[in-house]
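Worksheet: the structure to be examined is printed underneath.
The values are calculated or read from the model by the stated rules, or taken from the named source; none is laboratory data. All values derive from a computational prediction rather than experimental measurement. Please note: Cβ atoms are built from the backbone with ideal geometry, for glycine as well, and neighbour counts cover all protein chains shown. These area figures cover heavy atoms from the full protein model, side chains too; ligands, DNA and RNA do not enter into them. Shrake-Rupley method; radii C 1.70, N 1.55, O 1.52, S 1.80 Å.
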Amino acid sequence: MQSLRDALEDRMRAALAAVVGPEGRELDPLIRPTQDARFGDYQSNVALSLAKRLGEKPRDTAARLVAALALDDLTDPPEVSGPGFINFRFRPAFLAAQLAAIQADPRLGLAPVAEPQRVVVDFSSPNLAKEMHVGHVRSTIIGDCIARLLEHFGHTVLRLNHVGDWGTQFGMLIQHVRELQPHVLEDPEQLHIDDLEAFYVEAKRRFDSDPEFAVRARRAVVDLQSGDPMALEVWRAFCRESLRHCHEIYERLGVRLEDRGESFYNPYLPELVAELRARELAVDHDGAVCFFVEGWTNREGKPLPLMVQKSDGGYNYDTTDLAGIRHRTGVERAARIIYVTDIRQHQHFEMVFAGARKAGWAPPSVSLEHVGFGMILGVDGRPFRTRDGGTIKLKELLDEAIERAAARVAELREKDPERRPDTSPEADANIARIVGLGAVKYADLSHNVTSDYRFDWNTMLALEGNTAPYMLYAYARIRSIRRRAHPGNAGILPAPAQHVPGVDSPEIHSWELPPDLPILLEHPSEVALAKQLLHFVPTLRQVAVELRPHLLTDYLYGLSRAYSTFYDRERGVRIVDAEPESVRLSRLRLCDLTARTLKLGLELLGIGVLEQM
RNA sequence: GCCCUCGUAGCUCAGUGGAUAGAGCACCGGCCUCCGGAGCCGGGUGCGGAGGUUCGAUUCCUCUCGAGGGCGCCA
């Protein structure tokens with residue numbers, strides 16, 4: 001379906017062609033949303049720039065454009081205002097017709113793309129040598145959201161967990177276990193994640209403080225690379241146990257991921273380096289093999305290379321990431337590869353992208369994108385840590401989120417026991433789970449990805465403001481109107497949502513309303529809500545291009561606010577008891593569309609909804 | 001030294017080459033006999049600084065100040 005803005009752009013291009021000749025069609029009509037409702041819904045700024053070219057006054061140009069505009073019944077007659085802006089205001093009947101087109105569509109107006117792309121989203125990617133911690137939460141949540149969104153557009157998305165399952169940290173672990181925990185070698189299958197974490201902490205400490213241990217650990221990496229059976233057995237046990245732990249967390253978060261760690265690319269590395277050398281793209285340098293890509297320098301101002309092979313013969317992440325791109329373009333046929341990592345790795349990815357381009361492994365048709373996110377800070381503005389400065393384990397963070405949400409639910413129940421007399425401890429536990437996990441996800445996704453943000457339990461669990469509890473409550477309240485409006489169906493409503501947030505999105509069921517129901521937009525709050533509903537699809541399109549999920553949270557919050565005004569007893573309208581019946585049904589339809597939009601929007605964020613709270 | 005990400009209201013954060021830069025929290029005042037108030041309306045200060053490009057800059061460019069980060073054998 002064409003967006004409102006696209007419709008205006010088309011009309012304006014036609015008018016431009018009429019005024020300046022055929023080349024007018026190529027001009028950008030400069031259609032922008034207005035900042036103030038007094039100026040209508042959209043404005044065109046094209047007259048201001050065009051007037052200079054034509055050597056006339058902007059207002060005169062604007063007037064000529066207005067005269068040439070054929071808007072039919074899309075908008076009221078456009079007005080020229082200020083120095084030469086042209087203001088457009090949509091007519092309610094046109095908005096109603098647009099809404100009618102989406103109300104029968106389970107996808108709410110977003111048709112699947114005609115030509116699906118193969119897209120790789122590389123996200124989460126923890127280091128398998130230790131437990132997942134708070135540092136992995138952003139990549140996991142943002143990556144999942146991006147994947148969901150692109151899947152919803154109909155693209156074929158490969159969700160890759162590029163786990164750190166190789167390299168120095170495993171040499172450290174293996175050597176540590178050999179020396180101090182030999183019992184593990186006897187029965188590696190007994191290994192537990194807690195042991196792994198403890199081993200890592202201890203091995204890391206020794207590695208950093210004992211140079212001789214560091215040498216032995218590096219030698220252990222060589223054992224691993226050369227296929228030493230004992231080393232491999234321990235390594236496999238470490239990875240298996242660590243991945244089991246990761247997937248417990250993914251399951252809880254409703255995140256689907258395919259594990260394909262660094263070691264997957266091991267077989268490709270020697271040939272990759274050999275090819276670069278043969279093509280003279282890489283050269284020997286201080287015993288290492290370096291691939292120089294223009295544009296980066298080190299501290300001394302000398303060219304900074306991608307180091308594709310270390311002087312000890314090993315490989316590092318430059319090599320595996322290059323191999324990853326080659327595999328993803330060559331074997332997976334990806335048209336778009338998206339990396340979701342800490343923003344500190346931005347330069348690394350820029351270099352790898354440049355290297356892949358130079359080597360021809362990423363042709364211009366393939367898009368390489370790094371979504372770099374900022375840090376999570378504590379309420380004090382310093383890196384988010386435990387009280388004693390330790391790392392916050394992801395599992396414990398999620399436990400706390402659910403516990404805190406449960407406490408909030410208990411508080412509300414105590415304060416107003418009459419509100420939900422029908423609830424049960426099990427239902428409340430489910431509410432706490434959805435609200436708690438949703439709060440963590442929403443807090444993350446509602447911030448600009450590149451920014452650092454403060455992790456504040458009180459803010460993210462508040463029922464007011466741009467938070468998950470607010471959005472979930474908004475949804476639940478609309479659903480309660482449905483129950484009120486259709487008492488006959490009260491007993492056959494689906495049970496409260498039990499699904500893992502959005503992994504298998506349940507179909508969004510419309511209310512039992514006639515499919516061809518006319519929508520009547522008369523009250524200002526109805527018109528405002530209608531416009532907001534029609535912005536959903538353009539918002540999704542923008543997020544899919546720019547990969548900025550907070551645009552979606554902002555949109556959903558705006559939708560809730562528009563609904564809130566629509567529903568307000570003073571500024572809004574009556575709904576359940578509205579008369580006549582045609583008006584009542586039209587308003588119920590607006591409620592229905594709002595609920596469906598909220599539900600779909602939240603599910604694209606990876607957040608499940610609740611029918612009752 | 002070079003490079004990257006930033007700098008917006010008391011606080012937490014949005015935002016745009018266009019008109020008077022927004023929202024939440026907090027604070028003050030007002031409204032409605034309330035479909036499950038997540039109510040609604042009104043009230044204040046702000047684009048770190050200086051130049052430049054432009055009809056127009058908070059947005060783009062340069063410089064500068066400040067914060068954080070990256071800069072060959074960790075990832």
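Taking segment A:118-133 as the region of interest, how many residues are at pLDDT below 95 and surrounded by fewer than 21 Cβ atoms within 10 Å (Cβ to Cβ)?
2
Here's a check for you: in segment A:164-184, which residue that is within 16 Å of RNA strand B (Cβ to nearest atom) and surrounded by fewer than 23 Cβ atoms within 10 Å (Cβ to Cβ) is nearest to residue A:545 (Cα to Cα)?
Let us first name the residues in segment A:164-184 that are within 16 Å of RNA strand B (Cβ to nearest atom), namely A:164-176.
Checking which are surrounded by fewer than 23 Cβ atoms within 10 Å (Cβ to Cβ) leaves us with A:164, A:167-169.
Numbers: A:164: 29, A:167: 35, A:168: 37, A:169: 36 Å.
The extreme case among them is A:164.
Within segment A:587-599, how many residues turn out to be away from RNA strand B (no atom under 13 Å from the Cβ) and crowded, with 22+ Cβ neighbours inside 10 Å? Can you show your working first?
As a first pass, look at segment A:587-599 and keep what is away from RNA strand B (no atom under 13 Å from the Cβ): A:589, A:592-593, A:596, A:599.
Next, from what is left, pick out any that are crowded, with 22+ Cβ neighbours inside 10 Å: A:592-593, A:596, A:599.
Adding up the residues that qualify gives 4.
Give the residue that is nearest to the chain's Cα centre (by Cα), with candidates limited to residues of segment A:275-317 that are among the small types (Gly, Ala, Ser) and in a loop (DSSP other than H, G, I, E, B).
Our first condition is that a residue be among the small types (Gly, Ala, Ser); within segment A:275-317, this holds for A:278, A:282, A:287-288, A:295, A:301, A:311, A:313-314.
Checking the rest, the ones that are also in a loop (DSSP other than H, G, I, E, B) come to A:287, A:301, A:311, A:313-314.
On the way: A:287: 42, A:301: 37, A:311: 39, A:313: 38, A:314: 35 Å.
Out of the qualifying residues, it is A:314.
So which residues in segment A:402-440 are under 23 Å from the mean Cα position of the chain (by Cα) and charged (D, E, K, R)?
If the condition is that a residue be under 23 Å from the mean Cα position of the chain (by Cα) and charged (D, E, K, R), then A:433 is the only one that fits.
When you look at residue A:16, is it within 12 Å of RNA strand B (Cβ to nearest atom) and in a helix (DSSP H, G or I), yes or no?
Working: within 12 Å of RNA strand B (Cβ to nearest atom): no; in a helix (DSSP H, G or I): yes.
Against the criterion (within 12 Å of RNA strand B (Cβ to nearest atom) and in a helix (DSSP H, G or I)), residue A:16 does not qualify.
Could you identify the single residue in A:334, A:356, A:323 that is more than 10 Å from RNA strand B (Cβ to nearest atom) and under 21 Å from residue A:546 (Cα atoms)? First the steps, then the outcome.
Details: A:356 fails: under 21 Å from residue A:546 (Cα atoms); A:323 fails: under 21 Å from residue A:546 (Cα atoms).
Going through A:334, A:356, A:323 in turn, the sole match is A:334.
Out of segment A:367-385, which residues are outside any strand (DSSP E or B) and in contact (Cβ under 8 Å) with a residue 60 or more places away in the chain? Steps first, answer last, please.
The first filter runs over segment A:367-385 and keeps only residues outside any strand (DSSP E or B), leaving A:374-375, A:378-382, A:384-385.
Scanning segment A:367-385 gives A:374, A:375, A:378, A:379, A:381, A:384.
Evaluate the following for residue A:386: is it modelled with pLDDT under 95 and either open to solvent by less than 60 Å² (accessible area, probe 1.4 Å) or touching a Pro at 6+ places or on another chain (Cβ under 9 Å) (or both)? Lay out the reasoning, then the answer.
On the way: modelled with pLDDT under 95: yes; either open to solvent by less than 60 Å² (accessible area, probe 1.4 Å) or touching a Pro at 6+ places or on another chain (Cβ under 9 Å) (or both): yes.
So residue A:386 passes the test.
Could you please find all residues in segment A:273-328 being of a type in the set (Val, Ile, Thr) and open to solvent by 20 Å² or more (accessible area, probe 1.4 Å)?
Narrowing segment A:273-328 to residues of a type in the set (Val, Ile, Thr): A:273, A:283, A:289, A:293, A:297, A:308, A:319-320, A:325.
A:283, A:297, listed by residue number.
Out of the residues in segment A:185-229 that are open to solvent by 60 Å² or more (accessible area, probe 1.4 Å) and β-branched (Val, Ile, Thr), which is farthest from residue A:243 (Cα to Cα)?
By that ranking, first place goes to A:215.
Among the residues in segment A:48-61, are any within 16 Å of RNA strand B (Cβ to nearest atom), open to solvent by less than 30 Å² (accessible area, probe 1.4 Å) and in a loop (DSSP other than H, G, I, E, B)? Please lay out each step first, then the result.
Of the residues in segment A:48-61, the ones within 16 Å of RNA strand B (Cβ to nearest atom) are A:48-61.
Filter once more, so that each one left must be open to solvent by less than 30 Å² (accessible area, probe 1.4 Å): A:50-51, A:61.
Filter again for in a loop (DSSP other than H, G, I, E, B), leaving none.
Scanning segment A:48-61, I find no residue that is within 16 Å of RNA strand B (Cβ to nearest atom), open to solvent by less than 30 Å² (accessible area, probe 1.4 Å) and in a loop (DSSP other than H, G, I, E, B), so the answer is no.
Identify all residues within segment A:74-108 that are assigned to a strand (DSSP E or B) and not β-branched (Val, Ile, Thr); write none if there are none. First the steps, then the outcome.
Taking segment A:74-108 and keeping what is assigned to a strand (DSSP E or B), we get A:75, A:79-81, A:85-88, A:90.
Result: A:79, A:81, A:85, A:87, A:88, A:90.
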